[in-house]
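Student: Take this structure first; my questions come after.
The values are calculated or read from the model by the stated rules, or taken from the named source; none is laboratory data. Here the structure is a predicted model, which is why all the values come from computation and not from measurement. Cβ: placed from backbone, ideal geometry, glycine included. Neighbour counts: every protein chain shown. For the accessible areas, the whole protein counts, side chains as well, though only heavy atoms, and no ligand, DNA or RNA atoms are used. Shrake-Rupley method; radii C 1.70, N 1.55, O 1.52, S 1.80 Å.
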Amino acid sequence: MPIDVAASVIANRSLSSDYNVLALAAPAIAAEAAPGQFVMVKARTGFDPLLRRPFSVFEILRDTRGTATGLTLLSKRIGMSTSLLYDAREGQRIDCLGPLGRPFTLVNPPAEAWMVAGGVGLAPFASLAQALHARGVKSTLFYGARRAAELFYLDFFATLDIELVLTTEDGSKGERGRIVAPLDRRLASRPASSPVMLYACGPDGMLAAAARTAMKYGRPCQVSVERIMGCGLGGCYSCVVPMRHEDGGFHHVRSCIAGPVLAGDQILWDR
Amino acid sequence: MDLSVRIGSLTLKNPLIAASGCFGYGVEYADIVDLSTLGAVVSKGLFLEAREGHAAPRIVETPAGLLNAIGLQGIGVRRFVDEKLPELRARGAVVIVNVCGTTLDEYVEVSRILSGAEGVAAIELNISCPNIKEGGIQFGCSLNGTFDLVCAVRKVTALPVFPKLTPNVTDVASFARAAEDAGADAVSLVNTFLAMAIDVETRRPKISNVFGGLSGPAIRPIAVRMVHECRQTVKIPILGMGGIADARDALEFMIAGADAVQVGTASFVDPFIWSKLTDGIRDYMRRHKKSEPKSEVRSPQTSDFPLQTSYFRFACELMIVLTIYSRPGCHLCDEMKAIVERVARSAPGPLAIEEIDISTDRDLEVRYGAEIPVLFVDGRKAAKYRVGEEELTRILRDRPNGSRGSGRLGG
């Protein structure tokens, strides 16, 4: 059951001129959150902005005894709400409702986990990587961004023994180009008998390419979609994704309650 | 404290209703809101068959507002009855079903199916969705269409029927009148305002349907005005809505003439808003109770007059409140009612009329039995037996609290 808290800002760390990591004192939400779930955040009270915005839970913060003390959000400044979050000050209160949505389904060894992130689509993978590490799952992060300066938290993932495959659009770090290119090559060279689960989050174009690549090699792919959401609870029907229907047609599912994690091969990417 | 309100034959435990299209089928919220504590829940709009609605993006935020074009995605009335209604019933929800149609026959058929289902309290006729091409609003934008549709549904159901009116007309009150004349038990208003938002960088509309319906605090003052216009025109109860975000907003609608209110967009922002709204209304009643004579703390009496409820009277602090003590079969009482009603229609400000049948209360019978009808204005005795139109107009003009009423509402 989701909890609504007026969470204090513990810290606000700027990663670049657009990206920040906001730490919120929301222990009750953090204690319940599973990798892939999200929270609905209102950047300030009043009618401007009016609605909350959805954010993946980035990290779960814990004290030395392992008790959840809060959570962080990875945010990219693109509009009013994200600008307010970028400028948020310590001690400021921010309404935070969660945890919401269906989380990732975790795999167990010997299956490997391959995470595919594009830009701010890195958001659900910090907590997923921790959960996979705790299970002893061998994991790889395929991570693409515009430029080297927008590849964040590389040390964090390296500490969890996660192999990093990086691309940048300008070639300033890793391979030049899009992240699905190295993903395709790795899948092509992997024996069919070696199980691998794909997890993808990023812009729709990247998600569609990742899902299609997974289908090409017969691999399952869980995608975390991002849609404009009104409520996050299934009330408004704003955040729909067209999914394959058994009758051959399609069905709009609400990504807030059926997702945000959905089966990549069930989404009608061209619709 | 009793917050109950009567909407025709329906009694709601409080005047707070979850608006259609803003609360899923209600079951989505069952784990976080005790549905039995709401006055009622209005389902998402239902056609005979399932619909997938429009492609995303379906909403965009505008200043203090929400622009949406969902396209009435829904599971169809039969699946609703089979899959959602039992849970709503088990949770103790009062369920009002929002009924849609592309043709008059479809509205009738959906209503007929709901009439045979257990656990439906009322039908809200959606003749006002701005986001679908056929049906719906074409009934809601024509006086004859509204009248004919309500008549047709009225014939096939004993359930209370509440047409939901569109604000996208020149004179919404005339549509409320058409609905009333056709036998509607109440009217819901307003649905969303037809609107548009464009991304100037891409030069494309911000939602896939190009046009959408605007809701949220931005529309509230217009909605309040429309509710008040309808209150002055029809006698049937009004379910008022449009941008209510807190208890004061809800009270504003009730002072304007709504008997109950619906809340939509604000419950997206705060799904736990309901208890805050009831607390806020209770607090308001407590604060305003002292100034009210004891006799006003009474249950409403059924009459030909607009229903006013006991706590609504407190919300009416700013209105002129006319109370008639009467008895059934009293000729003078009928005459006075007619005159009060006539004067009320031409009164400049918001005005509430309450009729109290003294035959139901021994104390009142003793006090007023020899004097009825007795007229009170703002809790002060103003006339007995008879009152003339000119005399009543003068009483209203010269009453002691002359600054109350329309003056304050008008700013």
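Student: Return the subset of A:42/B:276; B:235/B:381; A:76/B:206 for which the Cα-Cα distance in this structure is over 22 Å, preserving the input order.
Tutor: Those over the limit are B:235/B:381.
Student: Still on this structure, please answer the following. What number results when the radius of gyration of the stretch A:3-100, computed over Cα atoms, is divided by 2.2 N^0.38 Å? Spell out each step's value before the answer.
Tutor: Numbers: Rg = 12.3 Å, N = 98, 2.2 N^0.38 = 12.6 Å.
The value comes to 0.98.
Student: Which percent, to the nearest 5, of DSSP beta bridges fully inside chain B are antiparallel?
Tutor: Percent antiparallel among DSSP bridges in chain B is about 45.
Student: Evaluate E = 1/(1 + (r/R0)^6) for residue A:147 and residue B:32, where r is the Cβ-Cβ distance and R0 equals 56 Å; express this FRET efficiency to the nearest 0.05. The partial results should precede the final answer.
Tutor: Values: r = 42 Å, r/R0 = 0.75.
According to the calculation, E is roughly 0.85.
Student: OK, next. How would you order A:209-215, A:228-234 from highest to lowest mean count of nearby Cβ atoms within 10 Å?
Tutor: Highest mean packing first, the order is A:228-234, A:209-215.
Student: With every atom except the alpha carbons ignored, what do you get for Rg and Dmax of chain A, in angstroms?
Tutor: Cα-based Rg and Dmax for chain A come out at 18.0, 55 Å.
Student: Report, as an integer, the average count of C-beta atoms from other chains found within 10 Å of each Cβ along A:222-235.
Tutor: Shielding by partners across A:222-235 averages 5.
Student: Quick one: which residues, 5+ away or cross-chain, put their amide H under 5 Å from the amide H of residue B:71? H built at 1.01 Å from N.
Tutor: Under 5 Å from the amide H of residue B:71: B:54.
Student: Additional query: Nearest 10 degrees is fine. How inclined is helix B:143-156 to the longest principal axis of chain B, computing both from alpha carbons?
Tutor: Computed tilt is about 90 degrees.
Student: Here is a follow-up. Could you give me the radius of gyration and the Dmax of the stretch B:5-304, taking only the C-alpha atoms into account and expressing both in angstrom?
Tutor: Rg and Dmax of the stretch B:5-304, Cα atoms, are 18.3, 63 Å.
Student: Compute, for residue B:61, the solvent-accessible surface of its heavy atoms (probe 1.4 Å) with the complete set of protein chains present, and express it in square angstrom to the nearest 10.
Tutor: Ignoring ligands and nucleic acids, residue B:61 comes out at about 50 Å².
Student: Only bridges with both residues in the stretch A:112-266 count here: give the DSSP antiparallel percent, nearest 5.
Tutor: Approximately 25 percent, going by the DSSP bridge assignments.
Student: Follow-up. Would you mind checking which residues have amide H under 5 Å from residue B:98's amide H? H placed 1.01 Å from N; only 5 or more apart, or other chain.
Tutor: HN-HN under 5 Å from residue B:98: B:43, B:46, B:124.
Student: Using a 1.4 Å probe, how large is the accessible area of residue B:115, given in Å² and rounded to the nearest 10?
Tutor: Roughly 50 Å² of residue B:115 is accessible to a 1.4 Å probe.
Student: Give the peptides A:255-265, A:99-109, A:5-15 in descending order of average Cβ contacts within 10 Å, highest first.
Tutor: Final packing ranking: A:255-265, A:99-109, A:5-15.
Student: Output wanted: per-residue J couplings in Hz (rounded whole) for the stretch B:60-66, from phi through Karplus 6.51 cos²θ - 1.76 cosθ + 1.60, θ = phi - 60°, x for Gly and Pro.
Tutor: In residue order, the calculated couplings are 8, 7, 10, x, 6, x, 10 Hz.
Student: Now a separate question. With axes computed from alpha carbons, what is the tilt in degrees of helix B:389-398 against the longest principal axis of chain B, rounded to the nearest 10 within 0 to 90?
Tutor: For helix B:389-398, the angle is close to 80 degrees.
Student: Related question: Measuring from label point to label point, each 7 Å out along Cα→Cβ, what is the residue B:138 to residue B:171 span in nm?
Tutor: Computed distance between label sites residue B:138 and residue B:171 equals 2.5 nm.
Student: In degrees, nearest 10, range 0 to 90: what is the angle between the Cα axis of helix A:204-216 and the longest Cα principal axis of chain A?
Tutor: Around 30 degrees separate the two axes.
Student: Which percent, nearest 5, of DSSP beta bridges in chain A are antiparallel?
Tutor: 60 percent
Student: Can I ask one more? Not counting the cut sites, what is the longest span of chain B without trypsin sites (Lys or Arg not before Pro) that DSSP labels loop and that have at most 12 other Cβ atoms within 10 Å?
Tutor: Longest run free of exposed loop sites: B:1-132.
Student: Moving on to the next point. Measure off, as a whole percent, the carbon and sulfur share of the 1.4 Å-probe accessible area of the stretch B:190-258, all protein chains present. Numbers along the way, then the final one.
Tutor: On the way: 1490 of 2750 Å².
The computed percentage sits at 54.
Student: So for the protein assembly as shown, what are the equivalent ellipsoid semi-axes in whole Å, largest first, each being the square root of 5 times an eigenvalue of the Cα gyration tensor?
Tutor: 56, 26, 21
Student: Using only alpha carbons, build the gyration tensor for the stretch A:161-271 and give me the equivalent ellipsoid semi-axes, biggest first, whole Å.
Tutor: They are 28, 18, 12 Å, listed from largest to smallest.
Student: Further, regarding this structure: What is the average number of partner chain Cβ atoms found within 10 Å of a Cβ in A:49-58? Intermediate results must be reported in sequence, preceding the final value.
Tutor: Values: counts 4, 16, 9, 3, 1, 0, 0, 0, 0, 0.
Shielding by partners across A:49-58 averages 3.
Student: How big is the C-alpha Rg of the stretch A:51-163 next to the rule-of-thumb value 2.2 N^0.38 Å, as a ratio?
Tutor: 1.15
Student: Further question on the same structure: If you count, for every residue in B:209-220, the Cβ atoms of partner chains within 10 Å of its Cβ, what is the mean? Walk me through the numbers before you get to the answer.
Tutor: On the way: counts 0, 0, 0, 0, 0, 0, 1, 3, 4, 2, 0, 0.
Going residue by residue through B:209-220 and averaging, the value is 1.
Student: Moving on. For labels at residue A:161 and residue B:288 in the simple 7 Å Cα→Cβ model, what's the distance in nm?
Tutor: 6.8 nm
Student: Within 10 Å, count the other beta carbons around each residue, average over each peptide in A:61-74, A:35-48, and list them highest first.
Tutor: Details: A:61-74: 16.0, A:35-48: 21.0.
In descending order of packing, they fall as A:35-48, A:61-74.
Student: Quick one: what are the phi-derived ³J(HN,Hα) couplings along the stretch A:47-62, Karplus 6.51/-1.76/1.60 with θ = phi - 60°, whole Hz, x for glycine and proline?
Tutor: With the stated coefficients, the stretch A:47-62 comes to 9, 9, x, 7, 9, 6, 10, x, 9, 4, 6, 7, 10, 9, 8, 10 Hz.
Student: On to the next question. How big is the stretch B:17-150 along each principal axis, measuring the range of its Cα positions in Å and listing the largest first?
Tutor: Over the stretch B:17-150, Cα extents along the principal axes are 40, 38, 24 Å.
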